[in-house]
Amino acid sequence: MMGGGGAAGGGGSGDWARYWRDPERSVEAMHAHFFSHRFHPHSHDTYSFAVTEIGAQRFRCRGALRTSGAGMVMVFNPDDPHDGEAAAELGYKYRIMHIGPDVMRGVLADAGGGGDGPVPLPLFDQPVLDDPVLGRALLRLHTALVDGAGPLVRDERLTAAVGAMVRRSATRPVRARAL
């Protein structure tokens, strides 16, 4: 079930963006291609995981200028200030998902079989990763979200993507039985 959607211009000729929102939990997705659109410094109250599909995006995050090229993964912890703009003449096309901390905690708790007390949230210290396994897991999740897959498929791919992110790139990994 599609929660919300739509298309919006991004700020220049050829820029486009499509949005999706889960009506029942804090999960959103966007698919966009930007040529001239610039993101001013901002942050999200969610974890944000993205895959650059075409071109390259550059952004300032955690005191350094970063670049994400085709096939690379971008990772933002909640409240990570960042900006963004095209770093290539052909702009950049990317898919991003915003996952609320409550959803992350729920997925990790379910994967860990419950346990004693609340599950600690992971932190990610590398805003750009060159990891094709993570890229594929995130693209599979994004496709399930925006293409109207059923709730079981969305949940399975959410669990797989969160598990892959935590296992492969969290600096404070959460112990879970079998993510």
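The values are calculated or read from the model by the stated rules, or taken from the named source; none is laboratory data. Quick caveat, the model's predicted, so the values are computed rather than measured. Please note: Cβ atoms are built from the backbone with ideal geometry, for glycine as well, and neighbour counts cover all protein chains shown. The protein model used for the area step is the full one, side chains on, heavy atoms only, and it has no ligands, DNA or RNA in it. Shrake-Rupley method; radii C 1.70, N 1.55, O 1.52, S 1.80 Å.
Observations, loosely collected:
- Helix 132-146 axis, angle to the chain major axis (alpha carbon atoms, nearest 10°): 90 degrees
- Per-residue ellipticity at 222 nm, computed for the chain from helices alone with -39500 (n - 2.57) per DSSP H run of at least four residues, works out to -8500 deg cm²/dmol.
- Put a dot 7 Å past the Cα of ALA88, heading toward its Cβ, do the same for GLU24, and the two dots end up 3.8 nm apart.
- Relative contact order for the chain: 22 percent, from Cα pairs under 8 Å spaced at least 6 residues apart, divided by residue count.
- Rounded to the nearest 10 Å², the accessible area of SER13 at probe 1.4 Å: 110 Å²
- Ligands, DNA and RNA are left out, and with a 1.4 angstrom probe the accessible area of segment 40-167 is 43 Å² per residue.
- Of LEU121, LEU129, LEU138, the one that fluctuates the most in a GNM where the chain has Cα springs shorter than 10 Å: LEU121
- Within the chain, the longest segment free of exposed loop sites, counting GluC sites (Glu not before Pro) that fall outside DSSP classes H, G, I, E and B and have at most 16 other Cβ atoms within 10 Å, spans 90-179.
- In this Cβ point-charge picture (+1 for Lys and Arg, -1 for Asp and Glu), the chain has a dipole of about 320 debye about its Cα centre.
- Note on GLN126 and ASP110: the model spin-label points, each 7 Å out from Cα along the C-beta direction, lie 2.8 nm apart.
- Relative to the longest principal axis of the Cα atoms of the chain, the long axis of helix 101-112 makes an angle of roughly 40 degrees.
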